[in-house]
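Notes to accompany the following structure.
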Amino acid sequence: MKPHSNVYRKNFSLIIIFMVLISVSFVVALIVAYNLTSAYVLDEFASKKIDVSEETIKPYNDFFLNKIPEITSYQGYLTYNSAADYSTSVFNDYPFVRHIVFYELAIGSAVKSHKKEHKLSIDIESMHQFRRRKNIIKGAPQKRLAAEADFNNMADKLNDFIAFSDTSREATQDEIFKTFYDVKPEKISYLNILRREDVKIYRGLLDHAQPGVVYRQNMMTFLLDAYHLKVNNNHKELYQSVTIRPVVYYPLENDASNIMITEVALPGAFSDYKLFFKSTKSYLIAETNRRFMPIGGIVLLIYMFLILIGYLIYRNLKINMQLFKLQYDFINNFTHEFKTPVSVIKIAGSNLRGESGLSERQLKHYGKILDEEADKLNDLMNKLLSFTQLENKSINIKIEEIVLNDFVDKYIDSFRIKYADFKLSCKIKNVNTIYTDPVLLGSLFQNLMENAYKYSHPEKKELHINITRDKRNVIFSFKDKGIGIPKKELTNVFNKFYRIENKYNQNGSVGLGLAFCKELVNFMHGEIIVNSQVDQGSEFVVTLPYDN
Ligand code: ATP
Ligand code: MG
């Protein structure tokens, strides 16, 4: 037994080490996964601002690339009315445009006295401004001074273009942006893009002055307000708030330990502004947790799976060990049980053979010994045999009407004769008979009464049998005042060859009695349970159908 138990003990230790290792790995995996998720969220906090900025600036780009060039498509010249219509649609579609100045320009030959040779005279013929005010757009003359700088700048660029551009080819996109657009903080000026033919005409005008000849051009200045740019926070999970702030802005109440900030500069006319992103740490932690949940769940699932495997191995080992112990006990008990009667028979036999002239009394004595020991062996064999038969369901059941009073009395009497110190009492209530197999019921009584006697202290060998009836069953209770059964053993005692070792079952016990009872009761469609308290006593309750 020893080497084997060592092997089992070693295996148990391995299982425990395995469980501890996977538990440690589980904790480590969770910590690593959490830290990685947290790092990932912080990384996204720093990088996804580009998405938000692109989304936010989209209308501005659209305005710049598509809406402004529409002016040119008015065939080179906008009237006050068409400029007003155009402005209305701009105000409707682009809330960040707050104010539009519309210039009608007159281009003619330079007057030599106050203009340089290579320049045409470009003058503001009229100027109107359109303001957004409760959707009512008013046209009103703009103060010349306020617009002078915008206009002069554009006029210079136009003059340079007329004088120096290459008319043998179309102007490049870059040249167009440089000449006809003027982007300043919160202000975009736009001049009608000249066609090649126009440039040629103007150049002709430059080369040969034609006093009195005047051409018309349009210019528009858009005054923008960055605060009316609609912030499109398409990463709400990362950014608790996204606001537009001047580039110089830096929060004063910067509680660095609790707030995360990042920013991205706005392009073009909004270059004095930035998008300012702010999240509290707890906001990002909540996001980290949300992303971590499924990962944690999967790790937990794997862990539980491994624990289950570990548990199954452990259970298997435990069962194997129990089986091994049972087998060991069984062989031990049976050899012991066989050995005693066999050696007694052997002694009696050799005495009979060796001694001559034995008296009649001696012969009878030896005969009785041989008879008794053969009975013991027979009993033992029968016990095993009937158990096997019962397990294989190869027993024939003979149902009879049993008068309970007589039946119980018979067993009580025989036990009183067998054990003079056994105090037996019985109470039968509400039931007189039962229909079942008397031999099987007898085996039940035999085993349970035998146990009650065997597992009681010598001065307290008492058993009370109580028989009652409920609707369909007869209930037999066998209550003793014996040594009792520890709680954790209560289910084990019905296992085959299972014994709780104590001083009362050192001889003649193989651990089959209760297993046999359980098989019997199952066979008779009933059930058996036990209630017990150590040192107080046990109660075995057998419930059998009244009519089998
Ligand atoms: P066998 O009945 O086969 O000769 P056994 O009495 O040891 O051997 P079971 O009758 O199956 O086997 O009982 C199993 C174990 O349950 C016993 O070893 C004993 O420890 C415990 N047991 C059974 N009946 C009682 C009882 N009435 N009081 C206390 N312990 C009991
Ligand atoms: Mg027994």
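The values are calculated or read from the model by the stated rules, or taken from the named source; none is laboratory data. Keep in mind the model is a prediction, meaning the values are calculated, not measured. Ideal geometry is used to build each Cβ from the backbone, glycine not excepted, and the neighbour counts take in all protein chains shown. Heavy atoms of the whole protein, side chains included, go into the accessibility calculation; ligands, DNA and RNA do not. Shrake-Rupley method; radii C 1.70, N 1.55, O 1.52, S 1.80 Å.
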* Can you confirm whether the range 461-472 contains a residue that is away from ligand 1 (no atom under 11 Å from the Cβ), surrounded by 14 or more Cβ atoms within 10 Å (Cβ to Cβ), of a type in the set (A, V, I, L, M, F, W, C) and at pLDDT below 95? => no
* Asked: Of the residues 71, 31, which is surrounded by fewer than 18 Cβ atoms within 10 Å (Cβ to Cβ) and in a helix (DSSP H, G or I)?
  -> 31
* At least 1 residues that are at pLDDT below 90, open to solvent by 20 Å² or more (accessible area, probe 1.4 Å) and not aromatic (Phe, Trp, Tyr) in each: list the strands (runs of 3 or more DSSP E) lying fully within the range 393-453 that qualify. => none
* Whichever residue in the range 38-66 is in contact with a Phe, Trp or Tyr (Cβ under 9 Å, 6 or more places away or on another chain) and open to solvent by 20 Å² or more (accessible area, probe 1.4 Å) and, among such residues, is farthest from residue 243 (Cα to Cα) -> 38
* To do: May I ask you to verify whether residue 384 is among the hydrophobic types (A, V, I, L, M, F, W, C), part of a helix (DSSP H, G or I), in contact with a Gly (Cβ under 8 Å, 6 or more places away or on another chain) and surrounded by 12 or more Cβ atoms within 10 Å (Cβ to Cβ)?
  => no
* **the range 450-460, residues that are over 10 Å from residue 537 (Cβ atoms) and either among the β-branched types (Val, Ile, Thr) or near ligand 1 (Cβ under 9 Å from one of its atoms) (or both)** => 450, 451, 453, 454
* **Condition met for residue 481 (touching a Ser or Thr at 6+ places or on another chain (Cβ under 7 Å), within 10 Å of ligand 1 (Cβ to nearest atom) and either in the same structural domain as residue 431 (by TED's automatic domain parsing) or in contact (Cβ under 8 Å) with a residue 40 or more places away in the chain (or both))** => yes
* **Among (1) open to solvent by 20 Å² or more (accessible area, probe 1.4 Å); (2) near ligand 1 (Cβ under 10 Å from one of its atoms); (3) within 29 Å of residue 473 (Cβ to Cβ), the one test that residue 513 misses** => (1)
* Sort out which residues of the range 482-519 are within 13 Å of ligand 2 (Cβ to nearest atom) and outside any loop (DSSP other than H, G, I, E, B), and write them in order of number. => 493, 494, 504, 505, 513, 514, 515, 516, 517, 518
* Any residue in the range 461-476 that is on the phi < 0 side of the Ramachandran plot, away from ligand 2 (no atom under 12 Å from the Cβ) and in a helix (DSSP H, G or I)? -> no
* Can you run down the residue pairs with Cβ atoms below 8 Å, 6 or more apart or on separate chains, where the first is in the range 459-472 and under 28 Å from residue 504 (Cα atoms) and the partner is of a type in the set (Val, Ile, Thr) and in a loop (DSSP other than H, G, I, E, B)? => 467/431
